[in-house]
Amino acid sequence: MQLHLYYGPGVRSMSRSWTAWWSGAWDPAATTTFDKLPGTFWLQALSARVFGFTPWAVLLPSLIASVAAIAMLYVLVSRWLGPGTGVLAAVFFATTPLVAALARTQIPDPVLIALLLGAALTWQQATRTARTSPLLWTAVIVGAAFQVKMAQAWLVWVPFALAYLVYAPTSLARRAWQLALAGLVTVAVSLSWMVGFTLVPAASRPYVDGSVDNSIWSMVFGYNGFNRYGVDNTGAQMFGIGGPPGKAEGPAWLYLLRDGVAPQIGWLYLFALAGVAAAAVQLVRRRDSAPATAAMYLMWPVWTAVHAVAFAGSVKAHSFYNLALVPAVAALAAAGAHQLRAAYHRPGWQRWLLPSVVAASAWWAWELSGRFAFAPWLPAAALGSGLGAAAVLAAVNLVRAGGPTRAVAFGLAVVALAVAPATWALSVTGKTSVSDAHRPAGGPASREVASVLSGRMLRLLPAAQVEAITAFLDAHRGGEQFQVAVPWAPQAGQFLLRDVAVLPVGGFTAQAPTVTPQRLDELVTTGALRFALVDGPQTQGRPTVDYPLYAQWAAASCRPVPGYTQPLYVLYDCRR
């Protein structure tokens, strides 16, 4: 296990200073924040404070959240379609490659999903009873989820509100004002920390990374919000975010079939489509007399659609964002299996639906696993086991076997279809490299993630060079508050983890104006800063480069240190 190259050093800082913890500061001196809200990092820092700053302690909240999500999905689906279907949903969720991968990373998404499923539990109770209190608890939990993943947390209110408005057993007027009140509570809880942070004078708090104006609002709703849809109203182009949506891997309407999406979450798409078909039948024909059950048939497909549209329309949606789709896909796949199993026990043509879907799913698993040079035996194994299970199901039909035999055949089909996703999920346990720590995906890397790595990992310095610079800085340390200024936060983190007093410049993108040249002059003049590290000629000229004013300031105001002008970096001595 290794920590994220950006999140790890920041959590270390937060675990050692309550000021840094509250403000979501990335460095011990609290000069700059993360480029996200600190909800997940609060939990990780608290765990590190209790158990020590070790990888397992920092990753513990993600693991707990992932296990809790499995349990909560089981409860949600059990209340909907029974315990057996709940077990299926939990198994489908747990064997999804992206779930297994993210459970051992610092990525905020596992905590987000646990909170959203907790909100779904209280929403489900509210939909059954039409009581206001569980709906308000839903609002509070969604507000807490906002602290983890910002406005993405609000997306669940689309399926929640729609299904509640249609199916809650009370008058339409009461449903409307209940939802309005819940919306206000969500907004109040969501924005509470941001308001408190804003009330602190800028001089007494860290600079907000991800903004060009030191505004938490710009970071949340600009850099992490509208800018991801091509709306450049807060410096999006400066951060390298721009261009039309839906161009990364083909048209947006094929988003769920992309190489960076389908192999991570989509092995059971065909069963999920069966679940959607069952939902359509239930909702159109209104055969189900229980409104709460019908509400679930509406909620899960809308959950899927809303998140898929949001991610497909973004100009910057990482593969790991798709974890938000997994609960709905798993629940719908379980619902599809539930309906197909019921049809399998009926006489007539319907009993052939299950063997047909199992056979089609076997082909789909073969197609997905064949896209990558990963586990060469897997495509044939996935196809063979799936087709074999479909043949057993068909043979049971032909001999007209009874219920127990059909149950065994159904179980065999579930196991056969789990071969491919489980193999991908288990593959993450052997990943230990730095790039793998940054790449939260099961199985082989997608092209999208590989492009992220190639654009950012090149900025890291080799460990031997970091050690050499650290030794030099320690040997020349005086009474400075900051031994060295370093561009790009993950690069600065390489020194922070070696207990070097670092002044991070440029934030996560290396372009945010976290420290002005005037402030750098003040720090040098007062003896608070002596050295400055700048990218060398071999790493310049990329789309993401050092905050230009910093590099210009260092070249004009400081002197290169003899022996420390290298292809990847230049170390300057700024003492006057």
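Quick notes on this one:
- One residue stands out in region 184-224 among those that are open to solvent by less than 10 Å² (accessible area, probe 1.4 Å) and not in a helix (DSSP H, G or I): the one that is farthest from residue 35 (Cα to Cα), namely 206.
- Unique match (being modelled with pLDDT of 55 or more and surrounded by 22 or more Cβ atoms within 10 Å (Cβ to Cβ)) among 492, 422, 441, 471: 492
- Within region 563-570, one or more residues are hydrophobic (A, V, I, L, M, F, W, C), at pLDDT below 90 and farther than 26 Å from residue 212 by Cβ.
- Between 181, 165, 155, the distinction of being out of contact with any strand residue (DSSP E or B) (no Cβ under 8 Å at 6 or more places or on another chain), open to solvent by less than 60 Å² (accessible area, probe 1.4 Å) and either of a type outside the set (Gly, Ala, Ser) or not in a helix (DSSP H, G or I) (or both) belongs to 155 only.
- Where residue 479 falls short, out of the listed (1) in a helix (DSSP H, G or I); (2) out of contact with any helix residue (DSSP H, G or I) (no Cβ under 8 Å at 6 or more places or on another chain): (1)
- Qualifying residue in region 207-214 (condition: at pLDDT 95 or above and closer than 26 Å to residue 140 by Cβ): yes
- Residues within region 332-386 that are within 23 Å of residue 85 (Cβ to Cβ), touching a residue at least 12 places away in the same chain (Cβ under 8 Å) and polar (S, T, N, Q), tallied: 4
- Selected residue (criterion: nearest to the chain's Cα centre (by Cα)) from residues of region 312-353 that are part of a loop (DSSP other than H, G, I, E, B) and within 21 Å of residue 112 (Cα to Cα): 318
- Tally of residues being closer than 14 Å to residue 81 by Cβ and either in a loop (DSSP other than H, G, I, E, B) or open to solvent by 10 Å² or more (accessible area, probe 1.4 Å) (or both) across region 288-297: 4
- Restricting 139, 101 to residues that are in contact with a Gly (Cβ under 9 Å, 6 or more places away or on another chain), part of a helix (DSSP H, G or I), open to solvent by less than 10 Å² (accessible area, probe 1.4 Å) and more than 30 Å from residue 9 (Cβ to Cβ) narrows the list to 139.
- For residue 248, the stated conditions hold: it is in contact with an Asp or Glu (Cβ under 7 Å, 6 or more places away or on another chain) and at pLDDT below 75.
- Lone qualifier among 302, 281, 276, 358 - being open to solvent by 20 Å² or more (accessible area, probe 1.4 Å) and over 26 Å from the mean Cα position of the chain (by Cα): 281
- Count - residues of region 44-84 that are surrounded by fewer than 16 Cβ atoms within 10 Å (Cβ to Cβ) and among the hydroxyl-bearing types (Ser, Thr, Tyr): 1
- The residue of region 310-324 that is nearest to residue 260 (Cα to Cα), among those that are surrounded by fewer than 24 Cβ atoms within 10 Å (Cβ to Cβ) and touching a Ser or Thr at 6+ places or on another chain (Cβ under 9 Å), is 320.
- Contact map, region 76-94: first residue closer than 16 Å to residue 297 by Cβ, second residue open to solvent by 10 Å² or more (accessible area, probe 1.4 Å) and of a type in the set (Phe, Trp, Tyr), Cβ cut-off under 7 Å, separation 6 or more or different chains; pairs are 86/74; 89/74.
Per-residue answers, yes or no, for (1) surrounded by 14 or more Cβ atoms within 10 Å (Cβ to Cβ); (2) under 19 Å from residue 271 (Cβ atoms); (3) of a type in the set (S, T, N, Q):
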| residue | (1), (2), (3) |
| --- | --- |
| 365 | yes, yes, no |
| 371 | yes, no, no |
| 376 | no, no, no |
| 383 | yes, yes, no |
| 392 | yes, yes, no |
| 400 | no, no, no |
| 410 | yes, yes, no |
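- Members of region 8-32 found to be in contact (Cβ under 8 Å) with a residue 60 or more places away in the chain and open to solvent by 10 Å² or more (accessible area, probe 1.4 Å), listed by number: 12, 28, 29, 30, 31
- Test for residue 428: is it in a helix (DSSP H, G or I), among the aliphatic types (A, V, I, L, M), modelled with pLDDT under 90 and at negative phi: yes
- Selection of region 168-178 for residues being open to solvent by less than 60 Å² (accessible area, probe 1.4 Å) and touching a residue at least 12 places away in the same chain (Cβ under 8 Å) yields 168, 170, 175, 178.
- Residue match in region 33-43 (condition: among the hydroxyl-bearing types (Ser, Thr, Tyr), surrounded by fewer than 24 Cβ atoms within 10 Å (Cβ to Cβ) and part of a helix (DSSP H, G or I)): no
- Inclusion of residue 32 among residues that are under 19 Å from residue 216 (Cα atoms) and out of contact with any strand residue (DSSP E or B) (no Cβ under 8 Å at 6 or more places or on another chain) is not warranted.
- Some residue of region 45-62 being under 30 Å from residue 520 (Cα atoms) and either aliphatic (A, V, I, L, M) or outside any loop (DSSP other than H, G, I, E, B) (or both): yes
- Residue 197 passes every criterion in (1) at pLDDT below 95; (2) touching a strand residue (DSSP E or B) at 6+ places or on another chain (Cβ under 9 Å) apart from (1).
The values are calculated or read from the model by the stated rules, or taken from the named source; none is laboratory data. In this text the structure is predicted, and so the values were computed from the model without any measurement. All Cβ positions, glycine included, derive from the backbone under ideal geometry; neighbour counts span all protein chains shown. All accessible areas refer to the heavy atoms of the entire protein, side chains included, with ligands and DNA or RNA removed. Shrake-Rupley method; radii C 1.70, N 1.55, O 1.52, S 1.80 Å.
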